[in-house]
Amino acid sequence: MTQPNDPTSEPFDPASATIAIVTFNRSALLTRLLTSIGQMDPRPGHVVVIDNASSDDTTDVVESFRERLGATLVYRRMEKNTGGSGGFSEGMRVAFELGSEWIWLMDDDVEVIPDGLAKMGTWAPRFKSIQGRRYDYDGSEFYWQYRLSIPFGIPIPFAPAGFDESRYREMNSGCFEGMFIHRDIVAQIGLPDPRFFIYWDDSIYGWLASRRTTAVIVDEFVLRRTREIKQWDMGVRHLNASSDAYRYYIMRNRGYMKHYFIANDAYRPVRFWLGSGLTFAKELIRLVFVERKVRGTSNLFRGIRDGRRIARDTSWTPMPPLAAADAPGGQPAL
């Protein structure tokens, strides 16, 4: 279904890009990110900040950047916390309605390398779904598992970390911390699914994108993480600490994954069940070796229970495409 070469047929214009940020109660980190965007050369045409109903001074922080970022800054405060999934769905919607050709998604716990947009732009004429690389908090090279085993519904941990002379690798997954995607693909696959709340949402969205175009991770460092996360260093790979909420949603959202795989003729029951078992085992390892505790397993079991209920929901439908809204004269107004 993907095409080996899917050029946009147009030179990259930085003004056609929008950075969409999701934040929640981390105004200090957001300050660092917005500061780094102000130092970019070139800058994007718009910066969209989606505030997931923060209770700190996030609104004041955003307003303090009005003078530096000017009319390019668009602020949306959600009425309630919709999670990363809901925030990125809204950020994508706003960016799409602004007419953005390119949408660059990121959390609030990163900062942008000054020439990051220029680096991504060099690949824009060739590909329509692009993931850049990221430095970790300590300055090391962050490894992201860019390949999914679709039958099992899990990342492939031994996918090669290095690059050859092409300086890119094809991927069939996605990460909202740095996904750079063209509006043509968004129009075809629709917005990210807010029902996930957190976890697996970007994996599924990246997979859907890879079914429409050649999706790639490129050998360009464009982001730097600004928040330290406890992790178990396993060499090139690592395992981050998690939370009870993540443990719940990583199992619950397997129900949504199952629906997406069924809708796209990719569901393999036995292997997907095994993938769920491997996911459960991985979370137990994370608890013991990274977080050094055993409490928290109840959240995994709650997630399994609720995921089964979601999987049995016969009324469920995937997110609709935005192709109709992208037709001439069909863009909705903000």
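The values are calculated or read from the model by the stated rules, or taken from the named source; none is laboratory data. These numbers come from a predicted model, not from an experiment. Positions of Cβ are generated from backbone atoms using ideal geometry, with glycine treated the same way; all protein chains shown enter the neighbour counts.
Of the numbered conditions (1) at negative phi; (2) crowded, with 17+ Cβ neighbours inside 10 Å, GLY83 satisfies every one except a single condition; which is it?
Answer for GLY83: the failing condition is (1).
PHE88: touching a helix residue (DSSP H, G or I) at 6+ places or on another chain (Cβ under 6 Å) and farther than 16 Å from VAL112 by Cα, yes or no?
It is false that PHE88 is touching a helix residue (DSSP H, G or I) at 6+ places or on another chain (Cβ under 6 Å) and farther than 16 Å from VAL112 by Cα.
What pairs come up if the first residue lies in the range 309-325 and is outside the structural domain of TYR248 (by TED's automatic domain parsing), the second is surrounded by 14 or more Cβ atoms within 10 Å (Cβ to Cβ) and modelled with pLDDT under 95, and their beta carbons are under 7 Å apart, counting only those six or more places apart or on different chains?
Note: pairs meeting the criteria are ALA325/GLN331.
Within the range 247-284, count every residue that is surrounded by fewer than 18 Cβ atoms within 10 Å (Cβ to Cβ) and either closer than 10 Å to ASN299 by Cβ or charged (D, E, K, R) (or both).
Within the range 247-284, residues that are surrounded by fewer than 18 Cβ atoms within 10 Å (Cβ to Cβ) and either closer than 10 Å to ASN299 by Cβ or charged (D, E, K, R) (or both) number 4.
Can you confirm whether the range 134-145 contains a residue that is closer than 30 Å to PHE272 by Cα and touching a His at 6+ places or on another chain (Cβ under 6 Å)?
No, the range 134-145 has no match at all.
Against the condition exposed (fewer than 15 other Cβ atoms within 10 Å of the Cβ) and at pLDDT 70 or above, how does SER210 come out, does it pass?
no
Looking at PHE158, PHE180, which is the one that is surrounded by fewer than 22 Cβ atoms within 10 Å (Cβ to Cβ), among the aromatic types (Phe, Trp, Tyr) and farther than 15 Å from VAL22 by Cβ?
Working: PHE180 fails: surrounded by fewer than 22 Cβ atoms within 10 Å (Cβ to Cβ).
It is PHE158.
Only one residue in SER149, SER129 is within 20 Å of ARG212 (Cα to Cα) and surrounded by fewer than 22 Cβ atoms within 10 Å (Cβ to Cβ). Which one?
So the residue among SER149, SER129 that is within 20 Å of ARG212 (Cα to Cα) and surrounded by fewer than 22 Cβ atoms within 10 Å (Cβ to Cβ) is SER149.
If you check ASP51 against the conditions, is it over 23 Å from LEU223 (Cα atoms), at pLDDT 95 or above and of a type outside the set (A, V, I, L, M, F, W, C)?
no
Which residues, counting only those in the range 97-116, are more than 16 Å from the chain's Cα centre (by Cα) and either modelled with pLDDT under 95 or surrounded by fewer than 23 Cβ atoms within 10 Å (Cβ to Cβ) (or both)?
Listed by number, the residues that qualify are GLU97, LEU98, GLY99, GLU101, ILE113, PRO114, ASP115.
Can you name the number of the only condition in (1) touching an Asp or Glu at 6+ places or on another chain (Cβ under 9 Å); (2) over 23 Å from ASN299 (Cα atoms); (3) β-branched (Val, Ile, Thr); (4) at pLDDT 95 or above that VAL218 fails?
Going through (1) touching an Asp or Glu at 6+ places or on another chain (Cβ under 9 Å); (2) over 23 Å from ASN299 (Cα atoms); (3) β-branched (Val, Ile, Thr); (4) at pLDDT 95 or above one by one, VAL218 breaks only (1).
Just a yes or no: is a residue in the range 6-15 more than 28 Å from TRP200 (Cβ to Cβ), touching a residue at least 12 places away in the same chain (Cβ under 8 Å) and part of a helix (DSSP H, G or I)?
yes
When the residues of the range 183-209 are filtered to those that are within 11 Å of the chain's Cα centre (by Cα) and small (Gly, Ala, Ser), which remaining residue is nearest to SER16 (Cα to Cα)?
GLY206
Being of a type in the set (Asp, Glu) and at pLDDT below 95 is the filter here; which residues of the range 64-89 pass it?
The first filter runs over the range 64-89 and keeps only residues of a type in the set (Asp, Glu), leaving 67, 79.
Result: GLU67, single match.
Any chance you could count how many residues in the range 263-299 are more than 16 Å from ILE154 (Cα to Cα) and of a type in the set (A, V, I, L, M, F, W, C)?
6
Going through ARG292, ARG309, ARG305 one at a time, which residue ends up being among the basic types (Lys, Arg) and touching a helix residue (DSSP H, G or I) at 6+ places or on another chain (Cβ under 8 Å)?
ARG309
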